[in-house]
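Worksheet for the structure shown next.
Derivation of every value follows stated rules applied to the coordinates shown; laboratory data play no part. Just so we're clear, the structure is a prediction, and the values are computed from it rather than from any experiment. Reconstructed Cβ throughout: ideal geometry from the backbone, glycine too, with neighbour counts over all protein chains shown.
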Amino acid sequence: MDGAAGSDNNRLEANDLQEIVAVCDEDGIILSWNWAGEEITGFLQEDIIGYHLDAIIAPESRQFLGQILGIERSGSLLPGLPVRLQTSFGWEVPAEVTSVPRPGTGGWLLVFRDTTLKVQLQEQLDRMDALYRGLVEDSPDIIYVLDERAHVLFINDTVETLLGYSKSEIIGRDLIELVHPDDRQQAYWPLRERRHADRATRALRLRFLTRAGRPRRYDLDFVYISLTSAGLGPTRLGARPRGGPGDLPGTQGVARDVTDLVMLNEFSRQAELILPVCSICHRIRVTSGSAVEWLPLSDYLTRKTGVLFSHTYCPDHVPTL
C-alpha cells in the first residue's frame, strides 16, 4: 500500500506541465484542458471545454487543423507543427503542437509548447543576420573568406563594382589570380595568413587587376588596394584545429580601394618637382593660401628640408686683394 501511494505521489500529472495539454474527440471538440492552457491563453477550463479546437487556434494557423485532426487516419505522430494560439488577451502566442492519436477513443492528445522565446530569439538572429549581410554586401571594401589553399569561399558584391568580376567568376578561384603579376610574390603569404590580431597582415599595398573591357580609372588596368587579412583558425597561441566548422584553416580579409589616394599623392609629388622660378633673379615662388612669396633657392631648401647653408667662395669668385 505504501509503495502504491509513493508511486501515485511521483506520478506526473498534466497540471504539473508547463506545456498545454488538451484532449479532443474525433470531431476536434476539446474535452480536457490543463492549467498551463489557462496561464498561456487565458481561457479557463470551464470556458473552453466543449468548444472546437479552432477556438484556440489563431485564424492564420487554422489551415493546419486538417493535419492535426487527420493524424488518427494516418496513425502517426505530428512532431512540432508550428501554429499560433489565440488568447483571451487579444494577442497570439507562437507554439508547436504535437498530436498523438488515442486508440479506441477516436480522439487526440494534443501538446502545445509555447515557443515565444524561441521565436523572439530567431527573429533577433534574423535581424542581426540581415544587418550583418547589409554591412558586408554594402561595404565599399572587398570582403572575402578563403580556404586553406587561398581559394575564394565567399566574396561580397563589391568585387563586381570595383573590379568588374561577378561573384560566380571568383568563387572557387585562387585569389592571387586577381593580384598584379608584379605583386604576387609579396601577396602569396598574406593571402594565406594564419596569424591574428597584431601579428596579422595590415595595410599591405597591392594592385588588383580589373576585368578586361571595364572602363579604366586613371587609364590603369588595376586598382591599388590596402590589404588587411587574418587567419580563421584558433586564436589561442599553440592551439590546433579540432576539425569543427569554426576551426577550419583559412583566411579572412578586407581589401580597401586606395587608388584615389595613391594617385593624389603621385600627382602631388610630381607637382612639387616643377618649381616656378623667376627668369631673372631665379627666386622660387611659394604659395600658401592667398599669400605668395618669392624665396631665394637657399631659403626655399631650408624651409622644405631643414638644410642650412654656409657661405664661402668658389675658385672662380675668390676675391682678390
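Along the stretch 156-166, what does the Karplus equation 6.51 cos²θ - 1.76 cosθ + 1.60 (θ = phi - 60°) give for ³J(HN,Hα), rounded to whole Hz, x for Gly and Pro?
7, 5, 4, 4, 6, 6, 8, 10, x, 8, 7
Provide, as a two-decimal number, the C-alpha radius of gyration of the stretch 172-220 over 2.2 N^0.38 Å, N being how many residues it has.
Working: Rg = 13.1 Å, N = 49, 2.2 N^0.38 = 9.7 Å.
Expressed relative to 2.2 N^0.38 Å, the Cα Rg reads 1.36.
Would you kindly derive the ³J(HN,Hα) couplings of the stretch 91-99 from the backbone phi angles with the Karplus curve 6.51 cos²θ - 1.76 cosθ + 1.60 (θ = phi - 60°), listing them in order in whole Hz, with x for Gly and Pro?
10, 10, 10, x, 8, 10, 10, 10, 10
If the chain between GLU123 and GLU177 were fully stretched, how many nm would it gain, using 0.36 nm times the residue separation less the Cα-Cα distance?
On the way: separation 54, 0.36 × 54 = 19.44 nm, distance 3.99 nm.
This chain segment gains 15.5 nm when fully extended.
Sorted by packing (mean other beta-carbon atoms within 10 Å per residue), highest first, where do 181-191, 157-167, 92-102, 310-320 land?
Details: 181-191: 15.3, 157-167: 17.1, 92-102: 19.5, 310-320: 5.7.
Ranking, from highest mean packing down: 92-102, 157-167, 181-191, 310-320.
Would you kindly calculate the translational diffusion coefficient of the stretch 143-267, applying Stokes-Einstein with the Kirkwood radius from alpha carbon pairs, for 10 °C and a viscosity of 1.306 mPa s, and quote it in µm² s⁻¹ without decimals? Mind showing how you got there, number by number?
Numbers: Rh = 15.2 Å.
The diffusion coefficient I find is 105 µm²/s.
Translational diffusion coefficient of the stretch 138-178 at 4 °C, 1.567 mPa s, Stokes-Einstein with Kirkwood Rh over Cα pairs, in µm²/s as a whole number.
On the way: Rh = 10.1 Å.
So the translational diffusion coefficient is about 128 µm²/s.
Tell me which of LEU261, ILE143, HIS196 sits at the most positive position along the dipole axis of the stretch 143-267, charges placed on C-beta atoms (Lys, Arg +1; Asp, Glu -1).
The one lying farthest along the dipole's positive direction is HIS196.
Counting other beta carbons within 10 Å of each residue's own, what order do TRP108, TRP91 fall into, fewest first?
Details: TRP108 24, TRP91 11.
With the sparsest Cβ surroundings first, the list reads TRP91, TRP108.
Can you tell me the equivalent ellipsoid semi-axes for the stretch 277-317? Use √(5λ) from the Cα gyration tensor, largest first, whole Å. Walk me through the numbers on the way to the answer.
Working: eigenvalues 113, 43, 6 Å².
Values for the stretch 277-317, descending: 24, 15, 5 Å.
Give me the distance in nm between label points sitting 7 Å out from Cα along the Cα-to-Cβ direction at LEU220 and TYR313, one decimal.
Those two pseudo-labels are separated by 5.4 nm.
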